[in-house]
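Written below as structure tokens is the structure these notes are about.
Nothing in this text is a laboratory measurement; each read-out follows from the coordinates by a stated rule. Every value quoted in this text rests on a predicted model; they were computed, and no experiment measured them. Positions of Cβ are backbone-derived with ideal geometry, glycine not excepted, and every protein chain shown enters the neighbour counts.
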Amino acid sequence: NVLLNALKEYEGTIVVVSHDRAFLDPLVTKVLEFTPGKMRTFLGTVSDYLGKKDEEARAARSGAGKIRSATGAALNHPGAGVQGGRSARPEGTHGRGTEDADTAAPLSEKERKRYEAEHRQKLSRELKPWKDKLAAAEKEIALLESRVAELESKMADPQSYKNAEVAKAMTIEYQGAKPRLEKAYAEWGRCTQAIDKITVGDAGHPPAN
């Protein structure tokens, strides 16, 4: 508790590595997730981060289930065998009128896989620009947070004010960096919401014919 209280009173930036959630939750306001070739920033406590990851996992499972359901519906739909404006009729059944429309051949395994692949590609195309913007925002946040922490450390040192010009320049830079950091946070939130909306709302919809 003594360590926790001391850290909570510290006004600068602290990087913490720990598995003790009871220790982390009252202290942490931001979580950095590192995966191969990628870094993501989550605002909030460790519990908020874990809750967000659970939501993403549920959304991914829900999206996969919707794709399977949509594919199954397409397989059983009376018009599922229509391609390029022509009905896929079994050989020897031409000329049977509406009866063929109700007994159209289901998609083959190859066609079903192509159908799912096209939908995944469509979803990927929709997500890519937002993921690129999110990566740029995370990079900007990391750079600005590092610089702001450095400036705060210098501003806390009385020696930094011996040179009036240096102190003035440092203060001006700090005052400019803070709004830029807040803007980067806002952009990060906007991109995250957009990605969540696409993933949850559109993942289960089949691509248009």
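Numbers below:
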read-out	value
Cα-centre dipole for segment 119-209 with unit charges at Cβ (Lys and Arg positive, Asp and Glu negative), debye to 20	360 debye
Relative packing of 11-21, 125-135, which averages over residues the other C-beta atoms within 10 Å, highest first	125-135, 11-21
Distance between modelled label sites at Leu143 and Glu11, nm, 7 Å Cα→Cβ extension	2.7 nm
Chain lengthening between Lys110 and Val200 when straightened (0.36 nm per residue, less Cα-Cα)	29.7 nm
Cβ crowding within 10 Å averaged over residues, with 42-53, 167-178 ranked highest first	42-53, 167-178
Of Lys30/Lys183; Lys139/Lys178; Lys30/Lys122; Lys52/Lys122, those spanning more than 21 Å from alpha-carbon to alpha-carbon	Lys30/Lys122; Lys52/Lys122
